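Please read the structure below before turning to the comments.
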Amino acid sequence: SSNRETYRPVYHHTPVYGWMNDPNGMFYKDGVYHLYFQYNPYGSMWANMTWGHSTSTDLTHWTYEGTAIVPDAWGAIFSGSCVVDKDNTAGFGKGAVVAFYTSAKSTPWGDVQSQSMAYSLDNGKTFIKYEHNPILTSTERDFRDPKVFWYAPGKHWVMMLAVGQEMQIYSSGNLKEWKKESSFGAMQGTHGGVWECPDLVEVAVEGSKEKKWVLICNLNPGGPFGGSAAQYFVGSFDGKKFVNESPTQTKWLDWGKDNYATVTWSNAPAGRCIALGWMSNWQYANNVPTTQYRSANTLARDLTLYRVGGELYLKSKPSPEIKKARAEEKKIPTFEVKGNYEVASLLADNKGAYEIEMTIENKGTSKIDFSLMNEKGEKVAMYYDVVRKQFVMDRSASGIVGFSRDFPAVTVAPVRNTDQIHLRLFIDRSSVEAFGEEGEYVMTNLVFPAEPYNRMVFSSDKGSYIVKSMNVYRLQ
Ligand code: FRU
């Protein structure tokens, strides 16, 4: 990728050129992470939906592999998933990679969406479309984004589908014929827009041997700060029906504006549950100030569950592989903030791609305030509100913000503890991802500064706080 592009991330996946939205069909096989994505190979706005394909062995460095599935008579290729058919249940071949996607066609009588499949006998490089496509049709207008996985206890496949404002669950023994088992959605969570890109995964509960099923439900619009966002439900699943443990609560996967269409890797190694999102928002995705390409993915995140009182919540920890991208470390000696304090240079010539890891101890202030700034006075203001127990990020003066009235925004996450804080901030040219307490809360926001931020300006009110450790890492 060209380093002359101001906003192209260094350590996040982006298309070399053209438009990208949702991550699709992610699977792991033989040491390789495959990532397909909603792709327009012919322009940098949404159109001509195709599956682009990239691969990685470390979830950080990506190689573009070309287009994998292209539009046909059934329509454009919308979002979906892949499975590795180890036991050849479909008869395409042992270990065939089988892709499920939505065929989306505009017709004079409206948009028609149906589910199709294609299989690969060369580890996901090229796909052969199934000759009897489509495999599932409907008269529903919004009928899409198949997520397929193997349900071992029942020895059958499961397909999750986003249909209007619900998720439908289907089952199959051969990946070709599907039977509807149940619907999930009425009176559950948030319904500000259509439900899209489902996922259903079994996730380990920290500190126990227990596992729970988590239904990831992307919705657009209806996010906590407008536009697209990902909510999730924790509960049980018997192969046919998902039951949410806490129907009246909405749980958000990320508290920023720019983490959408999050889904997980199929067949991930060592029982890991690794999630990836599209780092944008339908409110302005087509208008962000890049031209050669549009959109990046979030950092890969390992998901686990943790308990607070009686409730289970997802923790999204940056996948450990990102530590291998650390190229240079700068340790800033401990300091106390009583009034104002400035770290005038985070990292000389930082190229806009670095991580800041901080531990903070509160000594009686009600506001732990720190802003990333550049020499142009542009800033990403962040603070912990000790009284309200919140982490806040304000990008309204972060750089270019005028391309959409929905872009200048303040995003807020609830936090449990503001006495001792651990925070990792990942800055990559045009994004800031904040992970508090190893991922108990996450906030992902795009930013478009005229030049990289390289200062951090701290302040407190009344009392003080101690920045016990502050490490800055160049990331490559
Ligand atoms: C989500 C989405 C999906 C659809 C795809 C089309 O961002 O709207 O529901 O399959 O994008 O590109």
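Taken together, the values in this text are just the output of simple stated rules run on the coordinates, not laboratory data. Please read all numbers here as calculations on a predicted model, not as lab measurements. Cβ sites come from the backbone with ideal geometry, for glycine too, and all protein chains shown count toward neighbours.
Quick notes on this structure:
- Principal semi-axes of the equivalent ellipsoid, √(5λ) from the alpha carbon gyration tensor of region 167-296, are 27, 17, 17 Å from largest down.
- Stretch gain in nm, segment Glu65-Ala344, where the contour uses 0.36 nm per residue and the Cα spacing is subtracted: 96.3 nm
- Gyration tensor (alpha-carbon) shape descriptor, the chain, a/c threshold 1.5: prolate
- Distance from region 354-424 to region 1-70 (C-alpha centre basis), Å: 30
- Working ranking of peptides 433-439, 254-260, 102-108 by packing, defined as the average number of other Cβ atoms within 10 Å per residue, highest first, is 254-260, 433-439, 102-108.
- Dipole-positive endmost among Leu446, Phe435, Asn471 within region 433-476 (Cβ charges, Cα centre): Asn471
- Taking the charge dipole of the chain about its Cα centre, with +1 at Lys and Arg Cβ atoms and -1 at Asp and Glu Cβ atoms, the residue from Asn174, Leu253, Asn48 reaching farthest to the positive side is Leu253.
- Residue-by-residue Karplus 3J(HN,Hα) for region 252-265, coefficients 6.51, -1.76, 1.60, Hz, glycine and proline x: 9, 6, 8, 9, x, 9, 10, 9, 10, 6, 5, 9, 10, 6
- Dipole moment magnitude, nearest 20 debye, the chain about Cα centre, only Lys, Arg, Asp, Glu C-beta charged: 260
- Inter-site label distance for Glu328 and Val16 at 7 Å from Cα along Cβ, in nm: 2.9
- Assuming charge only on the beta carbon of Lys and Arg (+1) and of Asp and Glu (-1), the dipole of region 307-348 about its Cα centre is about 200 debye to the nearest 20.
- Ordering Ser81, Ser54 from the fewest to the most neighbouring beta carbons within 10 Å gives Ser54, Ser81.
- Sorting 226-234, 197-205, 300-308 by their mean Cβ neighbour count within 10 Å, with the most densely packed peptide first, gives 226-234, 197-205, 300-308.
- Cα-based reach from Lys129 at 13 Å (exclusive), listing aspartates and glutamates while leaving out same-chain residues under 8 positions away: Asp72
- Rounded to 0.05, the FRET efficiency of the Gln390 and Tyr306 pair, given R0 = 22 Å and the Cβ-Cβ distance, is 0.70.
- Placing R0 at 45 angstrom, the Cβ-Cβ distance between Glu245 and Arg4 gives a FRET efficiency of 0.35 after rounding to 0.05.
- Peptides 37-49, 130-142 ordered by average Cβ neighbours within 10 Å, highest first: 37-49, 130-142
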